[in-house]
Amino acid sequence: MLASGYSGKLYPVNPKRADVQGVKSYPDILSLPGPCDAAVIAVGREHVPGVLEQCGDAKIPYAVILTAGFSETKDESGAEMQRRLDAAIAKSGVRVVGPNCVGVMNVTKRAYMAFGGALSDKSLKSGPLAIVSQSGGFGQSMMTFANAHGVGSNYVVSCGNEADLSFFDFAHDFLDRDDVKMIATYMEATTEGMQLRELGRHAMEVGKPILMLKVGNGGAGRRAASSHTGQLTADYTLFRTTFKEGGFIEINDLDELADVARLIMGGKYPKGRNIGVLTGSGGWGVILAEQFEKNGIFLPRTSAENQKKLHALNSTFSSVENPIDMMANYGDQHKAIECVLDDPAFDMFLVRSAAGPDVGVWADRFIETAAKTEKPMIVNWASIPTRDADVREKLEHAGFLCANYAGRAARAAAIFAGFSIKRDQFRKNSNSTLRPVERKGLDITIGGGALSEQASKACVAQYGVPVTKEILLSLEAVRALRSAPINFPVAVKLASPDISHKTEANAVQLNINCLADLIRAAEEVHESGRNYDPSARIDGISIQEMAGGVEIIIGAVNDSQFGPYVMVGLGGILTEVLGDVAHRFAPVGKTDARDMLNELRGQQILKGIRGAPSADVDALIDVIVRVSWLIHDHADSIAEIDINPLFVREKGKGVVAADALIVPINKLGPQES
């Protein structure tokens, strides 16, 4: 605190010293001469509860507990110390950061209530970034790395064990501060999925992005579930869905943090994913174009009108289309930029800088030119990385990302554009979630086991999902048939609420074309079901119309941590093996449902391939929306919904559900993540 330049009052408390580094020390907290804003506690863990109670008696409102050895130790001694600490927090009324944290930093006031090597960095600058981290060391690394790339931080918080104040408390507070324009976070885990979603919504409402580095995602086990939907949802899936929904920008490493933060600092947001590239090097133009396209950023052609304007400059051009290659004639580059600034084809620009003795003059003119547009501009830094640092710093101070590498520039632009588009959609509220159907009453018994296929179909049908025609008969009634109850071909299934996956039990036969085969199939599926589970209840034999089209699986799960969500995937191997599925939280509107389909790697199948007609995508979108409202309306009673397969017929002919499964919640509540 002294070395950092903190100008406030400090009161060391140490019964063994008269002073600490020349500052008068006090034997205990109650001996302090006046009120304090906060206490930093760094004593043996057995003393922490008592010290905290003294803080309460001294009316100190906040405490940062650096000490470790509490719940994180995973042993009984740590658990007992945590219980004692919790009791002291409740008794004292003091709001606590930690324990087991590296502390809190207010860089603006140089109030470093923390420890760590980063605090000795004299170059630390305040800035529009706030950092909230579940790892103290990594949180300080985020601060120092961002600072080294020209992004200052006003606040840094290490959450520690979150015995009182939590990750969410700090993140919400920072979003509402005028001196914070963005938040960077490091998260290992949370069981508060709904709180995470609420934080994302808060960020969207105030228009401030949260740069989220979420770790611990690999190798996540899938939880046991009765439906295919539940089995196809890994732990990280719902985090990723949360990040898509809310005001988060998911980053993978500190280089992306620094690059995207610089774009945010520029304050100009692109309207789309189209970029104009101006360069003096053909080779750089090619690699930049390839990297942008790999990252989902497009390079449209310069308009014919603006191509004429460029040619009228009588300068040296290798190309005026895009990339615009001026063959190292940087003297005319700024005039060329002005020719295309208003081209509606471009949402943002990347300009390769000059290099050499005139780079400073180039930078001044570039800053002036860029001020004439609200479109973001990125600099591809051409100078030797170790040279012209003052010029680069000037550009960064003016709000520009200066990227040495094409790949980094492309990734940052793609991440930034994705957030900008999402923010615009949120502000326009274009994704209406108007009800397609009024809430329906359903006969679902909590804890009563999975509904039969027939009962499940009846429920989804009430929400407007088309289902196949069928008839339920006893085995004896099937044997007594003299004609088909449904036109051939038909499917024959065992109806049992205790056998959820009939295919695994060999309890389904398809494309039955005559009465004799129908009777034989009924006997065989009945026997297979008995062999698969002798104790299973059997309601009879279901005879159903055969359906065809593109196979789709639509499902929904009411998750205990994140709430209800809906899932869609292409049926067959694409879903089961490749996990080609998309998720959104319920309820969804048509825009979100369409976006889900566009995320599928196999989406081209719906558009028609090898001469096949295009599928009825609009009808499929309608069902996704309806299922999302079904799980939303009945989150108090439904754990899982599975419609598999849903056949999507050719365009204009609708869809039909061939099978459905609804699993009520058990007595403990919704499905566990």
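The values are calculated or read from the model by the stated rules, or taken from the named source; none is laboratory data. Bear in mind the structure is a predicted one, so any value in this text is a computation, not a measurement. Heads up, the Cβs are rebuilt from the backbone with ideal geometry, glycines too, and the neighbour counts pull from every protein chain shown. In case anyone asks, the SASA skips ligands and DNA or RNA and just uses the protein heavy atoms, side chains included. Shrake-Rupley method; radii C 1.70, N 1.55, O 1.52, S 1.80 Å.
Points to keep in mind about this one:
- Local net charge near I624, Cβ-Cβ under 13 Å (Lys/Arg +1, Asp/Glu -1): -2
- The chain, accessible surface, carbon-and-sulfur percent (1.4 angstrom probe): 50
- Working from label points 7 Å from Cα in the Cα-to-Cβ sense, the A87 to N511 distance is 7.2 nm.
- Under the Debye formula (equal points on every Cα, no solvent term), log10 I(q)/I(0) of region 306-356 at q = 0.22 Å⁻¹: -0.79
- Across the cross-link table entries K428/K653; K24/K125; K109/K422; K271/K590, which are compared at the Cα atoms, the separations over 27 Å belong to K428/K653; K24/K125; K109/K422.
- Hydrodynamic radius (Kirkwood) for region 519-625, which is based on Cα pairs only, to one decimal in Å: 16.4
- Computed helical MRE - 222 nm, the chain, DSSP H runs ≥ 4 contributing -39500 (n - 2.57), nearest 500: -10500 deg cm²/dmol
- Estimated inter-spin distance, S126 and T190, nm [label 7 Å along Cα→Cβ]: 2.7
- Volume in Å³ per residue [convex hull over Cα atoms, computed for region 590-673]: 106
- Principal axis dimensions, largest first and in whole angstrom, of region 326-428 by Cα: 47, 29, 24
- Loop sites in region 528-615: GluC sites (Glu not before Pro), DSSP, at most 14 other Cβ within 10 Å: none
- Region 262-388: C-alpha gyration tensor shape, a/c 1.5 cut-off, then a/b vs b/c: rounded
- The packing ranking of peptides 30-40, 255-265, highest mean first, is 255-265, 30-40, where packing means the average number of other beta carbon atoms within 10 angstrom of each residue.
- Using a probe of 1.4 angstrom and keeping all protein chains present, the accessible surface of region 465-541 works out to 52 square angstrom per residue.
- Set of region 494-508 residues, backbone N closer than 11 Å to the point 7 Å along the Cα-Cβ line of K440: none
- 0 to 90° range, to nearest 10: angle between helix 76-92 axis and the chain longest Cα axis: 70
- Cα extents for the chain along the principal axes, largest to smallest and rounded to whole angstrom: 102, 80, 37.
- Square roots of five times the Cα gyration tensor eigenvalues for region 27-105, Å: 21, 13, 10
- Å² of accessible area per residue within region 301-372, as computed with a 1.4 Å probe and no ligands counted: 47
- Remark: relative contact order (region 591-673) = 26 percent; criterion is Cα-Cα distance under 8 angstrom and separation of 6 or more residues.
- Taking all protein chains as they are arranged and a probe of 1.4 Å, the heavy atoms of T445 leave approximately 90 Å² accessible to solvent.
- Estimated FRET transfer efficiency when R0 is 56 angstrom, pair Q425-A18 (beta carbons, to 0.05): 0.35
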